[in-house]
Amino acid sequence: MASNLPPKPTLEHSTTTSGGLAHEHHERPRGMLRWLLTTNHKEIGTLYLIFSLTMFFIGGIFALVVRAELFQPGLQLVQPEFFNQMTTMHGLIMVFGAVMPAFVGLANWMVPLQVGAPDMALPRLNNFSFWLLPVAFTLLLSTLLMPGGGPNFGWTFYAPLSTTYAPPSTTFFILSLHMAGISSILGAINIIATILNLRAPGMRLMDMPLFVWTWLITAFLLIAVMPILAGVITMMLMDINFGTSFFNAAGGGDPVLFQHLFWFFGHPEVYIMILPAFGIVSAIIPTFARKPLFGYASMVYATASIAILSFLVWAHHMFVVGLPLVAELFFMFTTMLIAVPTGVKVFNWIATLFQGSITFETAMLFALAFVVLFSIGGFSGLMLAIAPADFQYHDTYFVVAHFHYVLVPGAIFAIMAGVYYWLPKWTGHYPDERLGRWHFWMSVIGVNLTFFPMHFSGLAGMPRRIPDYALQFADFNMVSSVGALMFGVSQLLFVWGVIKCVRGGEKAPAKAWEGAEDLEWSVPSPAPLHTFDTPPDFKPVTH
Amino acid sequence: MNPVQRTVFRTVLALMGMFAFAFALVPLYDAFCQVTGINGKVGDQPRSIANEEVDTSRYVTVQFITRSGKGMPWQLEVEHRQMRVHPGQPTEVNFAFSNNSGKALTGRAVPSVSPSQASLHLRKVQCFCFEEQHLEAGERLEAPLVFQLTRDLPPDINTVTLVYTLYPVTDSQSQLQAQTSPVRGGGV
């Protein structure tokens, strides 16, 4: 892997106009207390990212248990009951513990820097919303050790599986999900308050970097749907413990109502997990193509359209539940409509690349892989949107392939791209490009080995969430399991690369990347604890 | 109020609104389904027979499925598993509850109609599903279902499936309802 990357910007050119001048007003707590009591957006951002990485590995180990069991047909390693707990916990941990906190962590670090704010608008609330998470997930993980086991009903926890037939630990699961939800809500309030009120003088909404824009829209989605999730799990709690019958047909309730409520939350939730990724990629591609982003305004409008449409498509998860024909048609067409704003984004990224002076730093590699592989996930999504075809694909590995393509090489790759992109700002050192490339190629090959064969086994009829399968799926599953192990191991390279970058490496100037233009590159690298104590001098660039 | 406080106040207001909306969706969903008849639920009140000419040119297959929910030691049998009826024709079919357990129990049969659009055109004149049943240990109770499929049943519906699921009724409040219910084991 010979490096033919351009020379990095030299330290002499670095500008240290703002930030770094903060004087320490008082003795700061040291050791553990420093992290427990911190109200600094950068420290809290770091805490979020470390927490998310930890959860990523725990959820990853659960996924590897699943893949190990599926390596061969038949039951070898785990009992079906435990297998169900593994699939469920893998989903819950990855969605609520890994992807969402990672984006909140990136927002904590970068949103104040990108809008020229000294900190988040509500620093103490920020501390609280982070520290809810370790408590919530310790509680969630502890259910695995309880009598009857942990949640075993899939991450979508459909009633009555999660009420009438649920293990006794379900009440703890509900409590931990409530805490994780409150954490997300408080984080969203903080981000909205920061973006709307603390922008540098002269920065209009349409001057904001796209990562800030996508997070603003994501935060509004969180405000709109996390209360719905809270409502659903509260109803579950009452059904289980207080004898109500929201989802119990015996008492006049309706289990299908659960699915409607869940997906009314759940579909916007999947966009919560991808919109900030769009923002990160929209920062990285222009930087390494050395061109301004093509179609800035259309990117903003496309993001907003996706967010609005996300409220009108929920029942495409429920095509086989017995919907009337008119509903199948409605949800089929609204779902396909989402391809339009998403297509606008993909074409804008490609147009940004067109005739650019492209270099392939690790961040750019991940961003480009995002565009290609996320599009594959988008296309399989279009196939699933076709209601009559969905009757074949529903609850098969085709669905698993689809949502893993949009979440792993989608959301996760974007997060990793963001980490490689902003590491110089966080640590003051460039990440090791050679190690980064190894990580990238191992991940790309691993991800595709894992999830591409799932399209085929799914179309051939292999059902999801089952620990055993028919013999004809054996080869596809073996390939998937090998790929999963490869992807999992390659993430150790990521951790190694990050630790190496924190400890040392080539020094980065304030403007670490030649083509990076946003405000965060005007503060020194590493960014001092306090930045923009006086608002920066913001000059709008024409988009 | 400074601008940050105003933003926070508004978002918290929106949050509480959405939380209330989640609970408001429960009655809204029921009302919506009742009006459009799209979740296969039929009303829990008896309805009169619509006076209309029987459409002898058309047959509709009506199937009955009976089953017992979790923790319900009863059996529900039906006289005919499947019958062919004309739209507009009132039909009676007998069901039999039997309590196979060693103790008295109250239960109820919860109905569901498939395809759900058919529920708008199904009129139940008499049904055991309107009430709870109380059966002594080992007791057997026969109860009729009288229904009519109206003539405006969409032409593409050729088969209508009526599902009855038995559930135990245990809490004290429902026991009171069972006492006032006209159909009781042994009383009929």
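The values are calculated or read from the model by the stated rules, or taken from the named source; none is laboratory data. For clarity, every value in this text was computed on a predicted model and none was experimentally measured. Neighbour counts are summed over all protein chains in view; Cβ atoms, including those assigned to glycine, are modelled from backbone coordinates with ideal geometry.
Each row is one residue, and each column tells you yes or no for (1) closer than 23 Å to A:PHE153 by Cα; (2) hydroxyl-bearing (Ser, Thr, Tyr); (3) modelled with pLDDT of 95 or more.
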{"residue": "A:PRO9", "(1), (2), (3)": "no, no, no"}
{"residue": "A:THR15", "(1), (2), (3)": "no, yes, no"}
{"residue": "A:TRP35", "(1), (2), (3)": "no, no, no"}
{"residue": "A:THR46", "(1), (2), (3)": "no, yes, yes"}
{"residue": "A:LEU70", "(1), (2), (3)": "yes, no, yes"}
{"residue": "A:PHE83", "(1), (2), (3)": "yes, no, yes"}
{"residue": "A:LEU92", "(1), (2), (3)": "yes, no, yes"}
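B:GLY71 satisfies every condition listed in (1) away from chain A (no Cβ under 12 Å); (2) within 20 Å of B:PRO111 (Cβ to Cβ) except (1). Contact annotation: residue pairs with Cβ atoms under 7 Å, 6 or more positions apart or on different chains, pairing a residue in segment B:137-154 that is touching a residue at least 12 places away in the same chain (Cβ under 8 Å) with a partner that is of a type in the set (Lys, Arg) and assigned to a loop (DSSP other than H, G, I, E, B), are B:ALA137/B:LYS103.
Taken together, the residues in segment B:125-143 that are surrounded by fewer than 21 Cβ atoms within 10 Å (Cβ to Cβ), out of contact with any helix residue (DSSP H, G or I) (no Cβ under 8 Å at 6 or more places or on another chain) and assigned to a strand (DSSP E or B) amount to 4.
Residues in segment B:82-105 that are among the basic types (Lys, Arg) and modelled with pLDDT under 90: B:LYS103 only.
To keep it simple, each residue is scored yes or no on (1) small (Gly, Ala, Ser); (2) under 15 Å from A:PRO276 (Cβ atoms); (3) within 14 Å of chain B (Cβ to nearest Cβ); (4) in contact with a His (Cβ under 9 Å, 6 or more places away or on another chain).
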| position | (1), (2), (3), (4) |
| --- | --- |
| A:MET100 | no, yes, no, no |
| A:TRP109 | no, yes, no, yes |
| A:ASP119 | no, no, yes, yes |
| A:PRO123 | no, no, yes, yes |
| A:LEU132 | no, no, no, no |
| A:MET146 | no, no, no, no |
| A:GLY154 | yes, no, no, no |
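Residues of segment A:245-279 that are among the β-branched types (Val, Ile, Thr) and within 10 Å of chain B (Cβ to nearest Cβ): A:VAL256 alone. Applying the criterion of being over 21 Å from A:ILE415 (Cβ atoms) and under 22 Å from the mean Cα position of the chain (by Cα) to the residues of segment A:273-301, the residue that is surrounded by the fewest Cβ atoms within 10 Å (Cβ to Cβ) is A:TYR301. Counting only helices (runs of 4 or more DSSP H) that sit completely within segment A:58-146, those holding 3 or more residues that are under 28 Å from A:THR38 (Cα atoms) and among the hydrophobic types (A, V, I, L, M, F, W, C) correspond to A:100-115, A:123-142. In this structure, B:GLY40 qualifies as part of a loop (DSSP other than H, G, I, E, B), within 14 Å of chain A (Cβ to nearest Cβ) and either surrounded by 15 or more Cβ atoms within 10 Å (Cβ to Cβ) or at pLDDT 85 or above (or both).
Residues of segment B:86-109 being surrounded by 20 or more Cβ atoms within 10 Å (Cβ to Cβ) and either acidic (Asp, Glu) or closer than 27 Å to A:LEU325 by Cα (or both), which ones? Within segment B:86-109, B:PRO87, B:GLY88 qualify.
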